[in-house]
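Q: Structure incoming, see below.
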Amino acid sequence: MDSEHESEDDFTQNDDNRSDDGSERGGEMDDAAEGAISSSAQPIGLEDASAVRVHRPLTLQPHVLDCKTFDIMPLALAVHPCNIYSLAATKCMRWVFTGSEDGYVRKYDFFASMNGKTMLTQGQRHGQVDSVTKAGILTSYWENEEQPNKSLPVLGEDGLPIATPGPSELNPNDMDIDVKVKREGSLERALTPIARAASPSEESKMSAVYSLDCHSEAIFAVSGLESGAVNLWTPRHEEGTCHHVFRQHTGPVSAIKLTPDEEGFISGSWDQSVLQWDLNNGAVVRNYTGHGSQISSLSFQPTEAPTMSMDFSSSTTNVSNDAVLMSTSVDGMICLWDRRDPTQLPRKLQPPEKVPPWCLSACWSADGKRIYCGRRNGTVDEWDFAEGRFIQSIKMPANSGPVSYVKMLPNNKHLICASQDNIRLWNVTELDSRSSLRPFQIIAGHHGGLISSIHIDPTCKYMITTSGNREWEGPSTNGCLFYDIQPML
């Protein structure tokens, strides 16, 4: 990279995180978050959050739409001790959150990391490409805890409910030991006070962070747990404090996606169900039934493709609409849901013949007209959304391993495909089976591990990748890499 990339002026926050006078709006947003989330009149309290969600329009960096390719270079590494299962970031990329196998949510300062506030040690740089010299700046972390379900009875050590003495019952302290033994069933329980501490089954315990998503300005965030619950917590004020628990899934919540209006979210679980939640009252709005295996990914269809002005001075980002939801499961099934009609059955895209039943990730094209799905046999299927027609299969090089994540760039031409061996950037407009040249380039950084998440900011300036198997089959490098994206003319 050029020397100017080392200066602090190169990696700055987007304009939507600053007020008109140039000052940061963090204090204002934190006050609003505290009032919105912690209000006793609004137990989940998101009505007030809409009053502060004021963004300036984000624009793509120049030449994203008309460039021939991209130079995507890793610059910073956030080292983790275990698999990273989930990833989320604010719209302005100020804060980055990772959820890992050890049950911790970690909060990173993205721009401090990219500006090189702390450098990696020689040992941490071992095994990394030469451009990775900066360390991820960890600002805070907290536990993803299984909160006690207060609606359930407290269980004793023998698994039986602990009865609370009523007003008509005798005071246990007035009983002799023989009466206590007969009543409690054992001498040990007889000698234990009834007003005992909470049993181990009631105490909070750690859960791997199977899924994660956050509000565009980090006012709130949601994370999936092993029990099937979803925690709602605040990442800026009272960091990591859980304010509400959504309960209905019976298996690990493997996918979470906030709706575009940020008034609700969609959750998918290993119990094969997809649920839509209302954040204003905590209720389940709709149950999407149709999958026969564990849910692996969720995404909304883009409705407006990015456009550029005639003088190439500015361009708009794509806009997502919550009308069409795509959900995938590990058996290879892709379900397309029209959320405007609750009675309509999903349109299902079955895996082509002789394709292994496996899908961990699928994505939309930038204009919402195509669907790309990664498979276990090292291929990516391309589908036409309007016709529901299979178009072609993009084959990775031999022995590259399963395709664990796919992501389309805003120019609608370049597709990022993450395999076990490497991350590749494909130009889908130049695919030609008769050509001996492979229309892809290697994105340096990860090698030898499954990619659990890829995030690209709305301006297409930065990319973040995480490695982890999400408790499915495959190795991990336990790393979170921060990339700089430069269009190449």
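Where a number appears in this text, it was derived from the coordinates with a stated rule and is not lab data. Please read all numbers here as calculations on a predicted model, not as lab measurements. Because the Cβ atoms are built from the backbone with ideal geometry, glycine has one as well, and the counts that use them run over all protein chains shown.
Q: Got the relative contact order for region 336-489 handy, in percent, Cα pairs under 8 Å and 6 or more residues apart?
A: The normalised contact order for region 336-489 reaches 13 percent.
Q: What does a probe at Leu138 reach in region 84-105, counting residues whose amide N is under 11 Å from the point 7 Å along Cα→Cβ?
A: Counting backbone N atoms under 11 Å from the label point, the list is 104-105.
Q: How big is the Cα convex hull of region 319-405 in projection, averaged over all directions, in nm²?
A: Value for region 319-405: 5.9 nm².
Q: Continuing with this model, one more query. Looking at region 331-489 from every direction and averaging, what is the projected area of its Cα convex hull in nm²?
A: Here the figure is 10.7 nm², rounded to one decimal.
Q: Another question, then. Just want the ordering: Met463, Met206, from fewest to most Cβ atoms lying within 10 Å of their own Cβ.
A: So the ranking, lowest neighbour count to highest, is Met206, Met463.
Q: If each residue of separation counts as 0.36 nm, what is the full-extension length gain between Glu473 and Asn149 once their alpha-carbon separation is subtracted?
A: Taking Glu473 through Asn149 to full extension adds about 113.5 nm, to one decimal.
Q: Going by average Cβ neighbours within 10 Å, how do the peptides 292-300, 337-345 rank, with the highest at the top?
A: Order by mean packing, descending: 292-300, 337-345.
Q: Of Lys68/Lys395; Lys68/Lys354; Lys68/Lys407, which ones are farther than 26 Å apart at the Cα?
A: Beyond 26 Å: Lys68/Lys354.
Q: With label points built 7 Å along Cα→Cβ from the Cα atoms of Glu387 and His126, find their separation and express it in nm.
A: 5.5 nm
Q: How much length, in nm to one decimal, is gained on full extension between Thr289 and Gln441, taken as 0.36 nm per residue of separation minus their Cα-Cα distance?
A: Full extension of this stretch gives 50.8 nm more.
Q: Longer than 30 Å from Cα to Cα, which of Lys107/Lys205; Lys150/Lys257; Lys117/Lys205; Lys257/Lys369 are they? Say none if no pair is.
A: Result: Lys117/Lys205 exceed 30 Å.
Q: Please report how far the C-alpha centroid of region 62-133 lies from that of region 332-366, rounded to the nearest whole angstrom.
A: For region 62-133 versus region 332-366, the Cα centre distance is 31 Å.
Q: Another one. When the Karplus curve 6.51 cos²θ - 1.76 cosθ + 1.60 is applied with θ = phi - 60°, which whole-Hz ³J(HN,Hα) does each residue of region 336-347 get, with x for Gly and Pro?
A: Listing the rounded values in order: 10, 10, 8, 6, 7, 10, x, 8, 7, 6, x, 8 Hz.
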